[in-house]
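Engineer: Before I ask anything, let me first share the structure, which is written out below as structure tokens.
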Amino acid sequence: MAATRSSEFGDLVQIKKQLISIIAQCKERGLVHSVKWASELAFSLDPLPLNEIPPALELTEEDARDLDALCLAKSYFELKEYDRAAYFLRGCRSQKAYFLYMYSRYLSGEKKKDDETVDSLGPLEKGQVRNEALRELRVELSKKHSAGELDGFALYLYGVVLRKLDLLKEAVEIFVAATHALPQHWGSWLELCNLITNIEMLKSLSLPECWVRDFFMAHMFTELQMIKEALQKYQSLMEAGFAKSTYIISQIAVAYHNIRDIDQALYLFNELREQDPFRIENMDTFSNLLYVRSMKPELSYLAHNLVEIDKYRVETCCVIGNYYSLRSQHEKAALYFQRALKLNPRCLGAWTLMGHEYMEMKNTSAAIQAYRHAIEVNKRDYRAWYGLGQTYEILKMPFYSLYYYRKAHQLRPNDSRMLVALGECYEKLSQQVEAKKCYWRAYSVGDVERMALLKLAKLHEQLNESDDAAQCYIIYIQDIFSCGVSCWISALLQLESETDYNLQSSRLSYSESKSVFTSGSNMVMSPSSSLSSSSSRVVLLRCAGGSRSSDRI
């Protein structure tokens, strides 16, 4: 494996040349996000000497014939006059001109759709507004594809059109073909990433062997919540020569955010801000971490800083929304998340966070709509599935809650919050055996909220399983002691000497263990205060500073 990676990344000069080449090609076609990604990677590598810089791509006869029209159309394209650009390219035959012609038509349809959506629909209404150009584009691109006349860029556009038409299986095939035709184009890889739903599907794809594949796999592992594998990949990429890449640093920070390693994620985001102080991308994720830690001054500074840079960016609106939410001004927070969605209706984070705000305002119907929109954008968003489960639990619909909590658990199998929620649903449905399994599993994977053992003990108590309940309380007390609560250590030592208890033989009686447990109720929640309703869990989900730890990360 190491030898393979060495061969792929051994010649960083060739990688730099490929990056310079793909930057030029994407610029010619108006693919600005792919240009940015490749440019950030190229910047992280050492500069090339003059004699190593790749020459400009040679023009074909068709390119030369279409050059004037292409330059004119490109000027209109950059001014977002897409219909005008397409008009002057309609008779061109070169690959570059054909792509820009079709891409201009696609973006024109998207712009009209977005304008109509903003003008006619509320932020939560699900309209039937569509890009009317999609079907025509599909027919024309399909003919070209059948004739084998599409290059890597045109295949990418064909895949985007198929995805927009919800022809997902065909879209995956086309994006895979696009990665083979032009492996250095990041846009094709990123679109493919959005269509992969699980690791089995990822393994089944036949992808080209090139250095970009490692970046794709790292990104894919992060999306599939395989954080350990993602961090290993990114570490290998940094060791291979991309240690200065701000893209990789940001992705590692996001990965730590996903596994709730807040300190490490905050450290990396602060380092990223030092290296790139005017960066806006990923700052909404940074604000989630500041929210969880109730760092009001830092979140306020971040919001003001982003407003100075660009107050009409989606990320800026989300950061401001988080700031107002932390101040418990939920109406203002929801307003800014709505603004973010007007700027980008497919902003996953804004939909999810707006759902959280509606939950705070007890507007369950609006919350459900927001969470459903988030799932439409990305079915891998466990927070939206979990939010739907909470909402239906408040509405006292446990079967619905169970379905959504299961979905969230499938996406985050080792997240104790999902398991505790499942256990509560099973309790309400009188499936105590399943509930006990969920609570014990939640404790086994690391109970972040320290609720699972208490709920398990209370369940044993209700079932008159006194010895099992006593053991749960004892284990919980021991866990508390291990966290450094000195006054509880002395209490346990005294209890041990007086009762000579043995956990395996359950010599400590249930009544004694419960008595010791409740005597420290100032430090630990008593079993009678164990929360079971979803509304109570919302309170419990707040961390010490008053913010919810589970809805942001």
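Engineer: Among the candidates 204, 188, 236, single out the residue that is open to solvent by 10 Å² or more (accessible area, probe 1.4 Å) and touching a helix residue (DSSP H, G or I) at 6+ places or on another chain (Cβ under 7 Å).
Structural biologist: Values: 204 fails: touching a helix residue (DSSP H, G or I) at 6+ places or on another chain (Cβ under 7 Å); 188 fails: open to solvent by 10 Å² or more (accessible area, probe 1.4 Å).
Criteria check complete, one pass: 236.
Engineer: Mind listing whichever residues of segment 31-87 are under 34 Å from the mean Cα position of the chain (by Cα) and among the polar types (S, T, N, Q)?
Structural biologist: 34, 39, 44
Engineer: Within segment 458-475, how many residues are open to solvent by 20 Å² or more (accessible area, probe 1.4 Å) and of a type in the set (Ser, Thr, Tyr)?
Structural biologist: Adding up the residues that qualify gives 1.
Engineer: Somewhere in segment 179-187, is a residue under 22 Å from residue 137 (Cβ atoms), modelled with pLDDT of 95 or more and part of a loop (DSSP other than H, G, I, E, B)?
Structural biologist: yes
Engineer: Considering only helices (runs of 4 or more DSSP H) fully contained in segment 240-334, which possess at least 3 residues that are more than 21 Å from residue 347 (Cβ to Cβ), out of contact with any helix residue (DSSP H, G or I) (no Cβ under 6 Å at 6 or more places or on another chain) and open to solvent by 30 Å² or more (accessible area, probe 1.4 Å)? Talk me through it step by step, then tell me what you get.
Structural biologist: Working: elements: 246-258, 262-275, 283-292, 296-310, 314-326.
Qualifying helices (runs of 4 or more DSSP H): 262-275, 296-310.
Engineer: Can you tell me which condition residue 224 does not meet? The list is (1) under 30 Å from residue 22 (Cα atoms); (2) at pLDDT below 95; (3) surrounded by 21 or more Cβ atoms within 10 Å (Cβ to Cβ), and all the others hold.
Structural biologist: Residue 224 satisfies all of (1) under 30 Å from residue 22 (Cα atoms); (2) at pLDDT below 95; (3) surrounded by 21 or more Cβ atoms within 10 Å (Cβ to Cβ) except (3).
Engineer: Go through segment 447-457 and count every residue that is open to solvent by less than 60 Å² (accessible area, probe 1.4 Å) and either touching a residue at least 60 places away in the same chain (Cβ under 8 Å) or out of contact with any helix residue (DSSP H, G or I) (no Cβ under 6 Å at 6 or more places or on another chain) (or both). Give the derivation first.
Structural biologist: Let us first name the residues in segment 447-457 that are open to solvent by less than 60 Å² (accessible area, probe 1.4 Å), namely 447, 449, 451-457.
Remaining after also requiring either touching a residue at least 60 places away in the same chain (Cβ under 8 Å) or out of contact with any helix residue (DSSP H, G or I) (no Cβ under 6 Å at 6 or more places or on another chain) (or both): 449, 451, 454-455, 457.
The total comes to 5.
The values are calculated or read from the model by the stated rules, or taken from the named source; none is laboratory data. Predicted model, so just to flag it, every value in this text is computed and none were measured. Glycine also receives a Cβ, built like all others from the backbone with ideal geometry; neighbour counts cover every protein chain displayed. These area figures cover heavy atoms from the full protein model, side chains too; ligands, DNA and RNA do not enter into them. Shrake-Rupley method; radii C 1.70, N 1.55, O 1.52, S 1.80 Å.
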